[in-house]
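S.K.: I'd like to ask some things about the structure below.
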Amino acid sequence: QVQLVESGGGLVQPGGSLRLSCVASGIIFSSYTMRWYRQAPGKERELVAAISSGGFTNYADSVKGRFTISRDNAKNTVYLQMNSLKPDDTAVYYCNTPNYSRNRDYWGQGTQVTVSS
């Protein structure tokens, strides 16, 4: 059974920082690409960042230079370090991993990030 569990969300002031964590189980973690998505009210879900099994990263233009995705394979955990947060970053953030052999994606339950003064 594949499970992704996010944590680390909360309320932060503009310009502040948060670090999100996602712990995976039920997969060979080191072999999988890991992603962070987010969805704000009234908007489509968007890809924020991704990291491959080889450590290559990609970021949405809106977060590039402010967010950093990383992984610790020994802990089966992917992180999203978020700095210089803006109100537009307010969203539910979801951990995601694709499973191509089963032709499906796995999703966590999400963690709320609210950036407000």
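The values are calculated or read from the model by the stated rules, or taken from the named source; none is laboratory data. Computed from a prediction, not measured in an experiment: that's the story for all the values here. So basically every Cβ, Gly included, is an ideal-geometry build from the backbone, and we count neighbours across all protein chains shown. Heads up: the accessible areas ignore ligands, DNA and RNA and are worked out on the full protein's heavy atoms, side chains in. Shrake-Rupley method; radii C 1.70, N 1.55, O 1.52, S 1.80 Å.
S.K.: For the chain, modelled as a Gaussian network with Cα springs under 10 Å, which listed residue fluctuates most, GLY42, GLY55, GLY26?
M.R.: Comparing GLY42, GLY55, GLY26 in a Gaussian network model of the chain, the most mobile one is GLY42.
S.K.: Moving on to the next point. In whole percent, how big is the carbon plus sulfur part of the accessible area of the chain, probe 1.4 Å, protein atoms only?
M.R.: On the way: 2880 of 6440 Å².
Carbon and sulfur atoms account for 45 percent of the accessible area of the chain.
S.K.: Work out the charge dipole of the chain with +1 on the Cβ of Lys and Arg and -1 on the Cβ of Asp and Glu about the Cα centre, then indicate which of CYS22, GLY54, MET34 is farthest towards its positive end.
M.R.: GLY54
S.K.: What are the ³J(HN,Hα) values, in whole Hz, obtained from phi via the Karplus relation 6.51 cos²θ - 1.76 cosθ + 1.60 with θ = phi - 60°, for each residue of the range 61-78 in sequence order, with x given for Gly and Pro?
M.R.: Once θ is set to phi - 60°, the couplings for the range 61-78 become 4, 5, 10, 4, x, 10, 10, 9, 9, 8, 9, 10, 5, 5, 10, 6, 10, 10 Hz.
S.K.: In addition: Could you go through the range 51-58 in sequence order and give the Karplus-derived ³J(HN,Hα) for each residue, using 6.51 cos²θ - 1.76 cosθ + 1.60 with θ = phi - 60°, rounded to whole Hz, and x for Gly and Pro?
M.R.: With the stated coefficients, the range 51-58 comes to 9, 7, 4, x, x, 6, 10, 9 Hz.
S.K.: Also, I was wondering about something else. Please compute the length gained on full extension between TYR100 and SER7, using 0.36 nm multiplied by the number of residues separating them and subtracting their Cα-Cα distance. Don't skip to the end; give the middle numbers.
M.R.: On the way: separation 93, 0.36 × 93 = 33.48 nm, distance 2.57 nm.
Length gained between TYR100 and SER7: 30.9 nm.
S.K.: Using the crude model of +1 on Lys and Arg Cβ and -1 on Asp and Glu Cβ, and no other charge, please compute the dipole size for the range 1-63 relative to its Cα centre, in debye to 20.
M.R.: Numbers: 5 positive and 4 negative charges, 13 e Å.
Using only the charged Cβ atoms, the result is roughly 60 debye.
S.K.: Rounded to whole Å and sorted largest first, what semi-axes of the equivalent ellipsoid does the C-alpha gyration tensor of the chain yield via the square root of 5 times each eigenvalue? Write down the numbers at each step before the final one.
M.R.: Working: eigenvalues 111, 40, 34 Å².
With the √(5λ) rule applied to the chain, the semi-axes are 24, 14, 13 Å.
S.K.: List the chymotrypsin sites (Phe, Trp or Tyr not before Pro) in the range 9-84 that DSSP assigns to loop (not H, G, I, E or B) and whose Cβ has at most 12 other Cβ atoms within 10 Å. Which are they? The partial results should precede the final answer.
M.R.: Numbers: sites: PHE29, TYR32, TRP36, TYR37, PHE56, TYR59, PHE67, TYR79; in loops: TYR32, PHE56.
For chymotrypsin sites (Phe, Trp or Tyr not before Pro) across the range 9-84 that sit outside H, G, I, E and B with at most 12 neighbouring Cβ atoms in 10 Å, the list reads PHE56.
S.K.: Shifting gears a bit: Taking the Cα centre of the chain as the origin, how large is its charge dipole in debye, to the nearest 20, when only Lys and Arg (+1) and Asp and Glu (-1) carry charge on their Cβ atoms? Show your work: numbers first, answer last.
M.R.: Numbers: 12 positive and 8 negative charges, 27 e Å.
With Lys and Arg at +1 and Asp and Glu at -1, about 140 debye.
S.K.: By a straight-distance test (C-alpha under 19 Å), which lysines pair with LYS64 as possible cross-link partners, with residues fewer than eight away in the same chain excluded?
M.R.: Hits, sequence-local ones excluded: LYS86.
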